[in-house]
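Colleague: This is the structure I want to talk about, given as structure tokens.
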Amino acid sequence: MPLEKTGDILRHAYTQGYGVAAFNIFNYETIHLAIQEAENQQKPVIIGFYPVWQSYISLDVVSAITHACAKTVGIPVGLHLDHCDDFAVITKAMQIGFSSVMYDGSHLPFDENVKNTQNVVKAAHALGIDVEAELGAVGDASNIEDFADRDKFTTVEQAIEFYEKTNCNSLAVAVGNAHGNYIQEPTLDLPRIEAISKALNIPLVLHGGSGIPDDQVQEAVKRGIAKMNVATEYHHAYYLAVKEYMQVSNTTNMYNCANDTQTSIREFLACKINLLHP
Ligand code: 13P
């Protein structure tokens, strides 16, 4: 199938009460395996790309591979530019086939985040492209304060004002989550997710999806999370599969390695995809 509008994928998930896994990718394998396993599970999937990784793989190549892989399957696939505050990069992604972009102004003062998000929304909506914005600070999971300090969480009042002013399509919220390996088990603020969802009635996004206990993820989906981003755990699963294969098979053949590790990487992907369908 051709790529689907990310907004359509997320709206369906949000109204039907499930979530969509968004996997951060960096090469052909990570794109191909995520799409193939989503097809195997007959569930939608979103391919997410960090623009800071353009020095390794360009936006054009990510777009070309994702479009080509999506054409071979029958499930909805979205292509999303993750965490970007560079208007030129956002514009380029929109021109070359990304189906959604994230403008991340969460590090800025509220009014500046609003103003910049408004500009991106205006340009994106003119092209029929959806925009994810972020409010509150989703920090680093290696720093307890980044995910345990409630002063950094998204507030319902600010979320309402932000959404009314920006008309973004989805909102990444800070609710006890953070990026990377958590140094202590996180505790999501589930009532806060529910309150923001009820107030905004738009799909909410959970960043830092690696390492959040399954029961919390499932409860978060029931309360309004429609997309969960996973990077760290995906890359770790990939690494472990390659490491174990190399140790056991005692080979240096990289084709055999790429081919033979697919099953175990796909097992990880299947778990994450299905976790969001409580
Ligand atoms: P993790 O690396 O913690 O899975 O976070 C990914 C993410 O939120 C991408 O936006």
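The numbers here are math on the coordinates, done by the rules we state, and not lab data. Predicted model, so just to flag it, every value in this text is computed and none were measured. Neighbour counts are summed over all protein chains in view; Cβ atoms, including those assigned to glycine, are modelled from backbone coordinates with ideal geometry.
Colleague: Select from region 218-236 the residues that are within 11 Å of the ligand (Cβ to nearest atom) and of a type outside the set (Lys, Arg) and list them in ascending order.
Modeller: Met228, Asn229, Val230, Ala231, Thr232, Glu233, Tyr234, His235, His236, listed by residue number.
Colleague: Condition first: surrounded by fewer than 16 Cβ atoms within 10 Å (Cβ to Cβ) and outside any helix (DSSP H, G or I). Now tell me which residues in region 231-267 satisfy that.
Modeller: Correct list: Asn250, Thr251, Thr252, Asn253.
Colleague: Only one of Ile183, Ile144 is surrounded by fewer than 21 Cβ atoms within 10 Å (Cβ to Cβ), of a type in the set (A, V, I, L, M, F, W, C), within 13 Å of the ligand (Cβ to nearest atom) and more than 20 Å from Lys272 (Cβ to Cβ); which?
Modeller: Residue meeting the stated conditions: Ile183.
Colleague: Specify the residue that is surrounded by the most Cβ atoms within 10 Å (Cβ to Cβ); the eligible residues are those in region 195-217 that are of a type in the set (A, V, I, L, M, F, W, C) and within 9 Å of the ligand (Cβ to nearest atom).
Modeller: Here the residue is Leu206.
Colleague: So, of the residues in region 2-53 that are β-branched (Val, Ile, Thr) and within 14 Å of the ligand (Cβ to nearest atom), which turns out to be farthest from Ala270 (Cα to Cα)? Explain how you work it out, then say what you get.
Modeller: Step one: filter region 2-53 for residues β-branched (Val, Ile, Thr), giving 6, 9, 15, 20, 25, 30-31, 35, 45-47, 52.
Checking which are within 14 Å of the ligand (Cβ to nearest atom) leaves us with 6, 20, 25, 30, 46-47, 52.
Numbers: Thr6: 20, Val20: 12, Ile25: 16, Thr30: 13, Ile46: 14, Ile47: 15, Val52: 27 Å.
For region 2-53, the residue satisfying everything is Val52.
Colleague: Looking at region 185-220 only, could you name the residues that are of a type in the set (Lys, Arg) and free of Cβ contacts under 8 Å to residues at least 24 places away in the same chain?
Modeller: Keep residues of region 185-220 that are of a type in the set (Lys, Arg), which gives 192, 198.
Passing the criteria: none in range.
Colleague: Which one of the conditions (1) outside any helix (DSSP H, G or I); (2) surrounded by fewer than 20 Cβ atoms within 10 Å (Cβ to Cβ) does Met228 fail to meet, given that it meets all the rest?
Modeller: (2)
Colleague: Could you count how many residues in region 1-28 are surrounded by fewer than 17 Cβ atoms within 10 Å (Cβ to Cβ) and part of a helix (DSSP H, G or I)?
Modeller: Residues flagged as surrounded by fewer than 17 Cβ atoms within 10 Å (Cβ to Cβ) and part of a helix (DSSP H, G or I) within region 1-28 amount to 5.
Colleague: Separate question: Only one of Val156, Val114, Val120 is closer than 20 Å to Gln216 by Cβ and not basic (Lys, Arg). Can you tell me which?
Modeller: Val156
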